[in-house]
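As structure tokens, the structure follows; a few thoughts come after it.
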Amino acid sequence: MTTISKEDSILEADVLVIGGGTAGPMAAVKAKEANPNLRVVLLEKANVKRSGAISMGMDGLNNAVIPGHATPEQYVKEITIANDGIVNQKTVMAYARGSYDMIKLLDSWGVKFEKDETGDYNVKKVHHLGTYVLPMPEGHHMKKILYRQLKRHRVQVINRYMATRLLTGSNGQVAGAFLLNPRTAETAVIRAKTVILCTGAAGRLGLPSSGYLFGTYENPTNAGDGYAMAYHAGAELSGLECYQINPLIKDYNGPACAYVTGPMGGYTANSKGERFIECDYWSGQMMLEFYRELEGGKGPVFLKMDHLAEETISEIETILHSNERPSRGRFHERRHTNYRDKMVEMHISEIGFCSGHSASGVWVDENARTTVPGLYGAGDMAAVPHNYMLGAFVYGQIAGEDAAAYCADNAMPELDAAQVNQERERVLAPLKRSDGITPYQMEYKIRRMVNDYLQPPKVTRKMEIARERFAEVREDMQYLCASDPHELMRAMETHFILDCAEMAAAASLYRTESRWGLYHYRVDYPETDNDTWFTHVQTIKGEDTMPACFKRPIDPYIVELDEEEKDSYSKLRINNFVQQ
Amino acid sequence: MPLANTLTSVPVTVDQEKCIADKGCTVCVDVCPLDVLAINAEAGTAYMKYDECWYCMPCEADCPTGAVNVSIPYLLR
């Protein structure tokens, strides 16, 4: 009988949370609150004090559903329309119903939201139909506040270990994870009854136009780890053809940020300073109009603020240069871009997977359960469309509480020694090679091919070529080398990135229609075909170890749409009747 | 396939006078989401070891002596 090598230390947990950014700390705290006797471990590739998409905080909530301003039913409608009908409304409703209680909880933990003179939340309208944006001008304390709660609830935190694969039990249920220390190359095994994946977006899929591997929109530590790990564990993924593509400050590649500036009078404009879209809320339809303006001779596209009053501009600067991406100010300074007299040049981001912004994620139901027993997902990597930071918190809570209940009914699974030994061999292999191909070169090549062949407008023949190139890179994996433990971490991320690239190609080829504006604009199938494609597209690991896609019917809606609202997101372009 | 050493200019600089890594401080190294900073044991100061920066700034914001400066990586600047 195979035994697990003594080289690996083996830990045990009832609830293992992977990823300590936004959803992860909330999941860990809520699992511990549900049952303080549970052994809850929070694993983080970096350090929970400053990890994930909100390492420097966040400037607001994009989807606050607050009584008096919006109802859960209105919000479910808005997201259903924004996502072209392809939603499991039950998951969006679970978010919407939990939204207000989560805001009150965060408020009680010390998060400062903008309030009016009567003490009511000062919610702003950015979406096409409803009012959901709540500013947090002092949102840079977010990670500190979460850290305090982790301490208070006695969550066991393990920093600087990355998970490389999930381990599964004899019935296909989750059984734990294999870990790598990116500073020492020590490996470890955690045996766990439940695992909650909170690993963020697949942010290193496309290559930013700067060519700098780490100049991504998403925190580049989010390399698609959770997408790849769920895939190899047998879970279903959903909507991977609905890419994340965002309008960003050119070269800097961070948000400009229209949700902050919009309610204060800023707007997206063409090179003549004219407005061309009615609504700056990020959707595929908005990105398609953005793309058309860029390509149509009226570009580049800018964020216009130079018409605003001095006090408004000072306030915008204070928020944008202290929150989320505070180095924005430094970037503008060097290029002599002052909001008072110059518009900010914008561009289209690289592609990625992210359900927080679009709809590409690991499939979860309204209890945050994936299709693998005991495995949960929350945050940017879990397929609840347009879920943003507040959705990560709400789904973190849902996952934490459901996982705690699962622990009471299920025994600790046995580990499969062969699985563990095989994974150790795979992980450590690049360190044993003294020459070969570096992770940086291989990653660059995959991501450059993603840009060349997968980025919309999508072309069938190009996506087929992409698969040929990816297959060649996969053959090269046997030469992947790492000169130290840090490079070994990058090598493991290169595996995740290649997995995600192959999944992106498969899902995009499978859906033979166009939908979600630019996110899935297929030149050879330019129309939306509701007769055939009003359905989820799921991706799993196929028999041949390559991604396999199939349709999953959309559950009957629980909130019906009004006929006249159905295509409101498709009518974003402003018709300019004045002839120039 | 043999390997080469290709040098790059990195965006994070550490003021050698102000850095107190010689007194055991590792704050900037601890908070970096990408784990790209390290301590040079001989010099007793922190430095950027890998050119993999998200210009996110926790290293600069959390440094107790103001020794760390983050600039925008050259390719984006």
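Condition first: in a loop (DSSP other than H, G, I, E, B), surrounded by fewer than 19 Cβ atoms within 10 Å (Cβ to Cβ) and modelled with pLDDT of 95 or more. Now tell me which residues in region A:123-161 satisfy that. Answer for region A:123-161, where residues must be in a loop (DSSP other than H, G, I, E, B), surrounded by fewer than 19 Cβ atoms within 10 Å (Cβ to Cβ) and modelled with pLDDT of 95 or more: A:153, A:154, A:160. Within region A:113-127, residues that are under 17 Å from residue A:260 (Cα atoms) sit with their Cβ atoms under 8 Å from residues that are charged (D, E, K, R) and in a strand (DSSP E or B), at 6+ positions apart or across chains, in these pairs: A:121/A:115; A:122/A:115. Residue pairs whose Cβ atoms lie under 7 Å apart, separated by 6 or more positions or on different chains, with the first residue in region B:49-61 and of a type in the set (Ser, Thr, Tyr) and the second in a loop (DSSP other than H, G, I, E, B), are B:50/B:36; B:55/A:327; B:55/B:11; B:55/B:72; B:55/B:73. Scanning region B:5-33 for residues that are open to solvent by less than 90 Å² (accessible area, probe 1.4 Å), in a loop (DSSP other than H, G, I, E, B) and farther than 17 Å from residue B:69 by Cβ gives B:8, B:24, B:26, B:33. Evaluated against (1) within 14 Å of chain A (Cβ to nearest Cβ); (2) over 11 Å from the mean Cα position of the chain (by Cα); (3) surrounded by fewer than 19 Cβ atoms within 10 Å (Cβ to Cβ); (4) touching a residue at least 40 places away in the same chain (Cβ under 8 Å), residue B:69 falls short on exactly one condition, (2). Exactly one condition in (1) touching a residue at least 24 places away in the same chain (Cβ under 8 Å); (2) more than 11 Å from chain A (Cβ to nearest Cβ); (3) over 23 Å from residue A:493 (Cβ atoms) is false for residue B:10; which is it? Just one mismatch for residue B:10, condition (3). With the condition kept exactly as written, say whether any residue in region A:498-512 is of a type in the set (Asp, Glu), in contact (Cβ under 8 Å) with a residue 12 or more places away in the chain and not in a loop (DSSP other than H, G, I, E, B). Yes.
If you go through region A:513-539 and keep only what is open to solvent by less than 50 Å² (accessible area, probe 1.4 Å) and within 19 Å of residue A:463 (Cα to Cα), you end up with A:513, A:514, A:515, A:516, A:517, A:518, A:519, A:520, A:522, A:537, A:538, A:539.
Of all residues in region A:347-385, those satisfying the criterion of being open to solvent by less than 10 Å² (accessible area, probe 1.4 Å) and modelled with pLDDT under 95 are A:356, A:358. Here is the figure for region A:190-220: residues that are surrounded by fewer than 24 Cβ atoms within 10 Å (Cβ to Cβ) and more than 14 Å from chain B (Cβ to nearest Cβ) total 1. For region A:400-456, a residue qualifies if it is within 28 Å of the chain's Cα centre (by Cα), open to solvent by less than 40 Å² (accessible area, probe 1.4 Å) and polar (S, T, N, Q), and the qualifying residues are A:438, A:451.
Please determine, by comparing only the residues of region A:71-84 that are open to solvent by 10 Å² or more (accessible area, probe 1.4 Å) and not β-branched (Val, Ile, Thr), which one is farthest from residue A:389 (Cα to Cα). Going through the qualifying residues, I end up with A:84. Right, residue A:475: part of a helix (DSSP H, G or I), open to solvent by 30 Å² or more (accessible area, probe 1.4 Å), modelled with pLDDT of 95 or more and assigned by TED's automatic domain parsing to the domain that holds residue A:440 or not? So residue A:475 passes the test. The numbered conditions (1) facing chain A (nearest Cβ under 8 Å); (2) more than 26 Å from residue A:430 (Cβ to Cβ); (3) open to solvent by 20 Å² or more (accessible area, probe 1.4 Å); (4) not small (Gly, Ala, Ser) are all true for residue B:1 except (2).
If you go through region B:41-59 one residue at a time, do you hit one that is buried (at least 19 other Cβ atoms within 10 Å of the Cβ), out of contact with any strand residue (DSSP E or B) (no Cβ under 7 Å at 6 or more places or on another chain), farther than 21 Å from residue A:204 by Cα and among the aliphatic types (A, V, I, L, M)? Checking region B:41-59: not a single residue is buried (at least 19 other Cβ atoms within 10 Å of the Cβ), out of contact with any strand residue (DSSP E or B) (no Cβ under 7 Å at 6 or more places or on another chain), farther than 21 Å from residue A:204 by Cα and among the aliphatic types (A, V, I, L, M). Highlighted here are the helices (runs of 4 or more DSSP H) found entirely within region A:1-119 that include at least 1 residues which are under 22 Å from the mean Cα position of the chain (by Cα), modelled with pLDDT under 95 and away from chain B (no Cβ under 14 Å): A:72-82.
The values are calculated or read from the model by the stated rules, or taken from the named source; none is laboratory data. Everything quoted here is computed from the prediction, not taken from an experiment. When we count neighbours, we look across all protein chains shown, and the Cβ atoms used for this are built from the backbone with ideal geometry, even at glycine. Remember, those area values only see protein heavy atoms, side chains included, never the ligands or the DNA or RNA. Shrake-Rupley method; radii C 1.70, N 1.55, O 1.52, S 1.80 Å.
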